[in-house]
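To start, the structure itself, in structure tokens.
The values are calculated or read from the model by the stated rules, or taken from the named source; none is laboratory data. Here the structure is a predicted model, which is why all the values come from computation and not from measurement. Positions of Cβ are generated from backbone atoms using ideal geometry, with glycine treated the same way; all protein chains shown enter the neighbour counts. In case anyone asks, the SASA skips ligands and DNA or RNA and just uses the protein heavy atoms, side chains included. Shrake-Rupley method; radii C 1.70, N 1.55, O 1.52, S 1.80 Å.
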Amino acid sequence: MQITYYKTPIGTAKIVGDENGISSVSVLDDAIETSKNTPKCLQDCVKQLDEYFKGERTLFSLKLNPKGTEFQKKVWNELLQVPYGKTRTYLEQTKKLGDVKAIRAVASANGKNPIWIIIPCHRIIGSDGSLTGYAGGIWRKKWLLEHENPSTQQSLF
């Protein structure tokens, strides 16, 4: 496994992967020096994240290789179906997966999502519109949602 660090507006991303794909993207609170020589297998991930934060990319096209149970992978795959700039509730996500009784298991799998931003668990919100549960911190979830769907100033006239 190769590792690189990339500075984002909301923390340092730690990117882990190899020729089989990206296995992990996590956000760190500590300031870590970003990598000078990004491994070849991680360069496209850094480039696409950079484009995302610049507002130039709305869809990632990376080979992903997250480690998890079959159920978790099914949940993460469903997260990939939530479009940029949109949100879905935990209940809506659970219904898409076919079992409304599994809402706690789905929420738990969301929380174990190993690939920050690219598998967009930040787009899942509470049924009442609240920004519930986010491993990277609610302030980051709010930042990401506002980044993807900036509100425009309404004209008074």
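Using a probe of 1.4 angstrom and keeping all protein chains present, the accessible surface of the stretch 12-157 works out to 58 square angstrom per residue. Full extension of the chain segment joining Asp50 with Asp128 gains 24.9 nm, where the gain is 0.36 nm per residue of separation less the Cα-Cα distance.
Apolar share of the accessible surface for the stretch 1-119: 49 percent from carbon plus sulfur atoms, 1.4 Å probe.
Assuming a ≥ b ≥ c are the square roots of the Cα gyration tensor eigenvalues, decide whether the stretch 103-149 counts as rounded (a/c under 1.5), prolate (otherwise, with a/b larger than b/c) or oblate.
It is oblate, given that a/c is not under 1.5 and a/b is not larger than b/c.
Each of Ala135 and Ser61 was given a label point 7 Å from its Cα along the Cα-to-Cβ line. The distance between the two points is 2.8 nm.
Ranked by solvent-accessible area (1.4 Å probe, protein heavy atoms only, all chains present), the residues His122, His147 order from largest to smallest as His147, His122.
Computed from the C-alpha gyration tensor, the three semi-axes of the ellipsoid equivalent to the stretch 61-132 are 18, 15, 10 Å, from longest to shortest. Per-residue surface analysis assigns Ser23 an accessible area of about 10 Å², computed on protein heavy atoms at 1.4 Å probe radius. The distance linking the stretch 31-71 with the stretch 85-129 is 21 Å (Cα centroid to Cα centroid, whole angstrom). Cross-link reach is defined here as a Cα-Cα straight distance under 18 Å, omitting same-chain residues fewer than 8 places apart; for Lys67 the lysines meeting it are Lys14, Lys112.
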